[in-house]
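Data block below; observations after.
The values are calculated or read from the model by the stated rules, or taken from the named source; none is laboratory data. The shown structure was predicted, so the numbers you read here are calculated from the model rather than taken from an experiment. Using ideal geometry, Cβ is built from the backbone for each residue, glycine included, and neighbour counts are taken over all protein chains shown.
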Amino acid sequence: MGVIFEINRGFPFQVALSFDEAAMDVLDWLEGCSFEWDMYVDLPANAVRYCFRTLADASAFKQRFAHETEGRAVAGCH
């Protein structure tokens with residue numbers, strides 16, 4: 001849990017996408033971005049949590065991928 005605490009502290013703006021998302025598309029997009037990000041698997045939520053340092057970065061990610069989840073992605077401070 002220490003690693004998750006560190007990620008949450010350093011990357012407080014997060015978007016959770018379910019496991020059924022096209023993970024390779026997400027990772028390809030993130031690798032092409034200039035901002036810093038991290039991620040971890042949230043087993044209780046059955047999701048991958050993509051974590052960002054700024055709200056603007058999380059919003060850009062959510063704008064790109066949230067429509068594919070039909071409202072299942074949530075950006076928020078954790």
* Could you check, for the range 63-78, whether at least one of its residues is at pLDDT 90 or above and touching an Asp or Glu at 6+ places or on another chain (Cβ under 9 Å)? => no
* Structure fact -> Log entry, pairs with first residue in the range 51-71 being under 18 Å from TYR40 (Cα atoms) and among the charged types (D, E, K, R), second being at pLDDT below 90 and not in a helix (DSSP H, G or I), beta carbons closer than 8 Å, six or more apart or on different chains, reads LYS62/ALA73; LYS62/ALA75
* Asked: Residues of the range 8-54 being at pLDDT 90 or above, surrounded by 12 or more Cβ atoms within 10 Å (Cβ to Cβ) and hydroxyl-bearing (Ser, Thr, Tyr), which ones?
  -> TYR40, TYR50, THR54
